[in-house]
Amino acid sequence: MSKIPFRFDHVGSLLRPERLKEARAQFKQGTITKEALTKIEDESIIKVIQKQKEIGLEAVTDGEFRRRWWHLDFIAGLNGITVFDFETTAFGITTEAQGTFVSGKLSFNSQHPFLEHFKFTNEQAGETLAKQTIPGPNMIYLDSFILSKQYHEKPIYPNKEAFIKDLISTYQAAIQAFYDAGCRYLQLDDTSWGGLFDERFRGLIVEKGYDPDALIQEFGAITEAVLANKPADLAVTFHFCKGNFQSHWLYNGSYDKIAKRLLAIEGFNGFFLEFDDERSGSFEPLKNIHDQRIVLGLVTTKIPELEAKAELKARIKEATQFVPLDQLCLSPQCGFSSTHEGNKVTEEDQWAKLKLVVETAKEVWPD
């Protein structure tokens with residue numbers, strides 16, 4: 001577990017094969033059954049796990065092939081959550097989207113479909129470690145509670161403290177359930193922290209009566225409480241990017257406002273952070289790290305151009321001004337397909353970038 005996150009790692013989502021996309025469309029149209037779709041999902045996952053093994057990854061995922069969204073499918077499976085459809089321009093394009101709001105007492109569903117999904121992935125991974133990704137708790141706090149118009153029209157909880165108590169117990173139960181299902185590498189994807197430094201979102205938060213600076217401390221406290229009872233042999237990592245929707249992003253700003261609090265969360269074994277372009281700012285906020293690992297997201301999943309290995313090595317060296325080399329790792333800045341549609345890259349681009357991560361890391365860290 002001390003080696004997690006690995007020197008070369010990846011965030012989790014992978015481009016859906018055309019056959020899977022077609023099957024999902026057919027299921028939506030009612031021309032194939034759920035069983036038929038699941039069979040195609042199973043076959044696609046088996047193939048993508050094998051491909052991850054072939055390029056040498058030390059932890060494999062199911063590519064999030066059973067999901068429509070990187071976060072909503074998990075959140076929708078919890079008790080007390082309602083999903084709704086809407087249209088958004090938040091990512092710079094007009095597109096159909098979905099949201100969630102707290103509509104009842106929040107709790108973990110012991111029959112959550114992700115548990116069986118993980119068991120299948122774990123079985124197919126064999127001797128290779130299977131990694132499970134789920135959205136972090138503050139995704140629900142920010143989107144489904146604080147900023148939710150639907151929630152405020154019909155509030156369920158008498159105060160935020162009562163909600164936070166249930167949010168924490170829900171995630172503690174989820175973590176234990178995945179552990180009991182055999183998971184030993186869990187990743188919390190939590191982009192909500194970006195809303196605490198992006199000026200537009202900070203304004204929206206203030207409009208709802210909350211202080212974004214105070215929320216930085218609350219987000220940290222919630223996350224620490226969620227991790228407080230995790231099994232000792234369960235590695236948990238944190239992933240953050242500034243949005244990843246069909247090669248578009250959501251948040252702007254640097255890590256300066258959140259780094260000190262976020263990187264102090266010692267329940268995490270490591271942090272996957274986005275550093276693939278100038279919007280990420282400098283590596284200086286990383287000086288706040290304790291003894292965990294930082295996974296530098298230097299390889300972009302947004303565009304097909306392949307990074308130069310020499311440039312990646314130079315950027316890793318630059319990061320060592322603030323973090324010892326032994327605490328650093330390398331990965332893409334996010335997944336390749338945070339939603340079913342995927343980013344504007346091909347499967348060939350995807351595998352080339354993952355191979356580059358593996359090759360570069362092996363040359364930088366001989367261990």
Q: Rounded to the nearest 0.05, what FRET efficiency do residue 105 and residue 47 give with R0 = 41 Å and r taken as the Cβ-Cβ distance? Could you check?
A: 0.50
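Just to confirm a number: summing +1 for Lys and Arg and -1 for Asp and Glu over residues other than residue 56 whose beta-carbon lies under 12 angstrom from that of residue 56, what do you get? Numbers along the way, then the final one.
Values: positive: 7, 51, 53, 355, 362; negative: 9, 54, 58, 359.
Its environment carries a net charge of +1.
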Q) Applying 1/(1 + (r/R0)^6) with R0 = 41 Å to the Cβ-Cβ distance of residue 214 and residue 128, what FRET efficiency is obtained, to the nearest 0.05? A) 0.45
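Please report, to one decimal in angstroms, the Kirkwood hydrodynamic radius of segment 2-143 built from all distinct Cα-Cα pairs. Don't jump to the answer; show the numbers that get you there.
On the way: mean 1/r = 0.0594 Å⁻¹.
Taking the inverse mean of 1/r over all distinct Cα pairs, segment 2-143 comes out at 16.8 Å.
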(Q) Could you report the accessible area of residue 83 in Å², rounded to 10, computed with a 1.4 Å probe on the protein chains as they sit in the structure? (A) 60 Å²
Q | Under the Karplus curve 6.51 cos²θ - 1.76 cosθ + 1.60, θ = phi - 60°, whole-Hz ³J(HN,Hα) for segment 182-188, x wherever Gly or Pro sits | A | x, 6, 10, 9, 10, 10, 9
Q. Taking the simple approach of a point 7 Å from Cα along Cα-to-Cβ for both residue 318 and residue 116, what is their distance in nm?
A. 4.8 nm
**Q.** Relative packing of 35-46, 202-213, 296-307, 321-332, which averages over residues the other C-beta atoms within 10 Å, highest first
**A.** 296-307, 321-332, 35-46, 202-213
Q) Which cross-chain or sequence-distant (5 or more) residues have an amide H under 5 Å from the amide H of residue 133, H modelled 1.01 Å from N in plane? A) 187
(Q) For the chain, set up a GNM with springs between Cα atoms under 10 Å and report which of 109, 122, 269 has the largest fluctuation. (A) 109
(Q) Quick check: net charge around residue 136, other residues with Cβ under 11 Å of its Cβ, Lys/Arg +1 and Asp/Glu -1? (A) -2
Q: Could you name the lysines whose alpha carbon sits less than 22 Å from that of residue 313, not counting residues in the same chain fewer than 8 places away?
A: 3, 287, 302, 353, 355, 362
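Could you rank 218, 363 by how accessible they are, 1.4 Å probe, largest area first? Provide the component values of the computation, followed by the final result.
Numbers: 218 40, 363 95 Å².
The most accessible residue leads, giving 363, 218.
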**Q.** Set of lysines near residue 208 by C-alpha distance (under 16 Å), chain-local residues within fewer than 8 positions excluded
**A.** 149, 154, 160
(Q) As a test of understanding, state the convex hull volume per residue of segment 124-223 from its alpha carbons, in Å³. (A) 121 Å³
Q.
Pick from 154, 353, 230 the residue whose mean-square fluctuation is largest in a GNM of the chain, springs joining Cα atoms under 10 Å.
A. 154
Q: Express the relative contact order of the chain as a whole percentage, based on alpha carbon pairs under 8 Å and six or more residues apart in sequence.
A: 21 percent
Q: Rank by packing, highest mean first: peptides 185-191, 12-18, with packing defined as the count of other Cβ atoms within 10 Å averaged across residues.
A: 185-191, 12-18
Q: Starting from the Cα-Cα distance between residue 310 and residue 199, subtract it from 0.36 nm times their residue separation and give me the gain in nm to one decimal.
A: 36.5 nm
Q: Measure of size requested: the Rg and Dmax of the chain, with Cα atoms as the atom set and Å as the unit; please supply both.
A: 19.4, 57
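Let me check I have the definition right: for segment 164-208, take the eigenvalues of the Cα gyration tensor, multiply each by 5, take square roots. What are those semi-axes in whole Å, largest first? Before the final figure, lay out each step's value.
On the way: eigenvalues 189, 38, 4 Å².
In descending order, the three semi-axes are 31, 14, 4 Å.
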Q: For the chain, with a Gaussian network of springs between Cα atoms less than 10 Å apart, report the residue from 285, 158, 231 with the top mean-square fluctuation.
A: 158
Q. If you plug each phi of segment 287-295 into the Karplus form 6.51 cos²θ - 1.76 cosθ + 1.60 with θ = phi - 60°, what whole-Hz ³J(HN,Hα) values come out, in order, with x for Gly and Pro?
A. 5, 7, 5, 8, 10, 7, 8, 10, 9
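The values are calculated or read from the model by the stated rules, or taken from the named source; none is laboratory data. Nothing here was measured: the structure is a model prediction, and the numbers come from that model. Here the Cβ is made from the backbone with ideal geometry for all residues, glycine too, and neighbour counts use every protein chain on show. Just so you know, the surface numbers come from the protein's heavy atoms only, side chains and all, with ligands and any DNA or RNA stripped out. Shrake-Rupley method; radii C 1.70, N 1.55, O 1.52, S 1.80 Å.
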